[in-house]
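Read-outs throughout are calculated quantities, based only on the coordinates presented, and are distinct from any laboratory measurement. Quick caveat, the model's predicted, so the values are computed rather than measured. With ideal geometry, Cβ positions are generated from the backbone for all residues, glycine too; neighbour counts draw on all protein chains shown.
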Amino acid sequence: MEQRDKRLPKRVGNYVHAIGRRKRATARIYLAEGAGALLINNRPAVEYFGSFLNSEEHLEKTLKVPFYVTGTVGKFDVKARVAGGGFTGQMEAVRLGIARALCGVTPEYRTPLKQAGLLTRDAREVERKKINRRKARKSEQYSKR
């Protein structure tokens, strides 16, 4: 039986399946050849992020960056299932998932995506609040007398 590299995205039928994470958000991405439709939780991305987006430019600057870097704008349909986190975390999780899925389409896309920093998982998360503190690090003001 052939051993599959677990770091590469998985091919399932016509789709390439990849996972992206950011903060508490997780995005499962299904990438297939198509007309460039971007569906998130079975809704268009503009509608899903509608209240969060100031304009469609914000969507272009975040979600579609992997397509611009690889020169594949409008060539792939994206279906994403997103859970957890807030809008920013979800948006960046989808972006990472799209970049990883594009690497599964063709290994040649890996170099430009890596140079653009789109394949790096942003590991920063909110630090937990500690006991006897106001926030994660802020404590009561010390009084000597």
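Exposed loop sites are taken as chymotrypsin sites (Phe, Trp or Tyr not before Pro) in a DSSP loop (any state but H, G, I, E or B) with at most 16 other beta carbon atoms within 10 Å; the longest stretch of the chain without one runs 53-141. The Cα trace of the range 10-115 gives Rg and Dmax of 12.6, 36 Å, the first to one decimal, the second as a whole number. With both labels modelled 7 Å from their Cα along Cα-to-Cβ, the residue 108 to residue 35 distance reads 2.7 nm.
The alpha carbon convex hull volume per residue for the range 87-145 rounds to 115 Å³. Qualifying trypsin sites (Lys or Arg not before Pro) in the range 73-125, where qualification requires a DSSP coil assignment and no more than 12 other C-beta atoms within 10 Å, comprise 121, 124. Counting only residues at least eight positions apart within a chain, or on another chain, the aspartates and glutamates with an alpha carbon under 18 Å from that of residue 23 are 92, 122, 125, 127.
Residues considered: 21, 133, 43. Largest GNM mean-square fluctuation over the chain, using C-alpha springs under 10 Å, is found at 133. The phi-based Karplus calculation (6.51 cos²θ - 1.76 cosθ + 1.60; θ = phi - 60°) puts the 3J(HN,Hα) values of the range 83-92 at 9, x, x, x, 5, 5, x, 5, 5, 6 Hz, whole numbers, x for Gly and Pro. Segment residue 68..residue 28, full-extension length gain: 12.3 nm, with 0.36 nm per residue of separation and the alpha-carbon distance subtracted.
Taking amide hydrogens as placed 1.01 Å from N in the peptide plane, the amide H of residue 40 sits under 5 Å from those of 45, 80, each at least 5 positions away in sequence or on another chain.
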